[in-house]
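The values are calculated or read from the model by the stated rules, or taken from the named source; none is laboratory data. Just so it is clear, the structure is predicted and the values come from calculations on it, not from any experiment. Backbone-built Cβ (ideal geometry, glycine too); neighbour counts: all protein chains shown.
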Amino acid sequence: MRELKSRKQVIPEYFDNDKLRDRFIKNLTNKESNLDYKKAKEDLEAIHYNKCVYCESKFKNDYMEIEHYRPKKSDKNIQNSYAYYWLYISFENLIASCKKCNLKKKNSFDIKKDRAVYQNEPLDDLHFITSKYNEIEKPLLIHPEVDENFEKDIKINKLAELESDSERVIYTIRTCNLNRENLKEARGVVIEDFKRELEDILSIAIDFIELDKLDRAIDIFKAKIDKFDKKSSIENEYSFVRVYILENIDEFLDWFDIKDREIFEDLVKLSLEEARIEKES
Ligand SMILES: [Zn+2]
């Protein structure tokens with residue numbers, strides 16, 4: 001889960017037609033919204049980097065679903081379930097989710113304060129009402145496009161599981177089942193590949209050090225770090241793993257079972273430092 005910097009700013013024209021407005025006014029509870037879902041899907045995919053806002057899996061074929069952050073329907077199987085029927089076409093309330101996260105989340109939406117109620121606001125006002133409602137309700141589920149500063153509360157362990165001390169992050173992980181096997185496996189591949197790449201170059205680096213060529217040893221490590229870092233930008237699948245490792249290098253180094261540990265750790269840290277300096281300049 002990443003904090004999405006690209007946000008919805010303009011309401012697409014398919015939200016702005018008489019037919020849709022008419023239906024919205026006449027029948028708020030109608031599930032058939034007349035919204036051009038095909039276009040909405042395309043827009044959401046683009047805004048959310050063609051991946052699920054919760055698990056970061058890229059969408060393949062028709063894998064993506066339009067998820068209602070605040071559920072449009074209540075669910076008798078869920079405790080304290082509540083229907084935000086008037087938000088069924090609020091642009092901000094629509095997010096791109098994969099089928100697996102959506103299926104697990106269903107219509108869950110627990111809050112810490114008071115439920116928001118519909119006060120006859122026109123559709124235009126409902127498109128960007130999430131922040132206002134969040135103040136009223138204090139929801140537990142994170143909206144990765146609207147909520148800020150939650151990434152720092154997510155941790156990843158060496159089994160590629162997400163962990164947190166934050167109530168909202170824990171709720172979101174549990175509600176979307178972000179530690180399901182296929183995700184742990186996919187994130188684990190990112191971790192293991194990087195570990196192996198670094199382990200594989202250690203003996204060459206040591207040879208360079210013995211020849212008094214520390215710079216060369218650092219260079220080959222830095223090349224691997226640069227390559228890893230390139231894919232840490234948000235449009236990439238499971239980019240959070242990469243961001244987390246690069247920002248918590250000591251923790252990552254603990255995951256290695258390696259001889260020559262001291263040299264290895266020095267090389268990783270020195271090359272990471274160089275990569276950072278180069279990136280900033
Ligand atoms: Zn997902």
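Within region 113-132, at least one residue is over 22 Å from A40 (Cβ atoms), in the same structural domain as D75 (by TED's automatic domain parsing) and crowded, with 16+ Cβ neighbours inside 10 Å. Screening the candidates K104, K60 for the property of being among the charged types (D, E, K, R) and assigned to a loop (DSSP other than H, G, I, E, B) yields one hit, K60. The set of residues from region 228-240 being under 21 Å from E273 (Cβ atoms) and part of a helix (DSSP H, G or I) comprises F228, D229, K230.
One residue stands out in region 26-70 among those that are at pLDDT below 90 and polar (S, T, N, Q): the one that is surrounded by the fewest Cβ atoms within 10 Å (Cβ to Cβ), namely N61.
Looking at this structure, is E192 part of a loop (DSSP other than H, G, I, E, B) and either modelled with pLDDT of 95 or more or not hydrophobic (A, V, I, L, M, F, W, C) (or both)? No; evaluated as a whole, the condition is false for this residue.
Report whether or not E45 is outside any loop (DSSP other than H, G, I, E, B) and among the acidic types (D, E). Yes: the conditions hold for E45.
With the condition kept exactly as written, say whether any residue in region 67-74 is under 25 Å from R7 (Cβ atoms), among the hydroxyl-bearing types (S, T, Y), part of a loop (DSSP other than H, G, I, E, B) and within 16 Å of the ligand (Cβ to nearest atom). Checked region 67-74: at least one residue is under 25 Å from R7 (Cβ atoms), among the hydroxyl-bearing types (S, T, Y), part of a loop (DSSP other than H, G, I, E, B) and within 16 Å of the ligand (Cβ to nearest atom).
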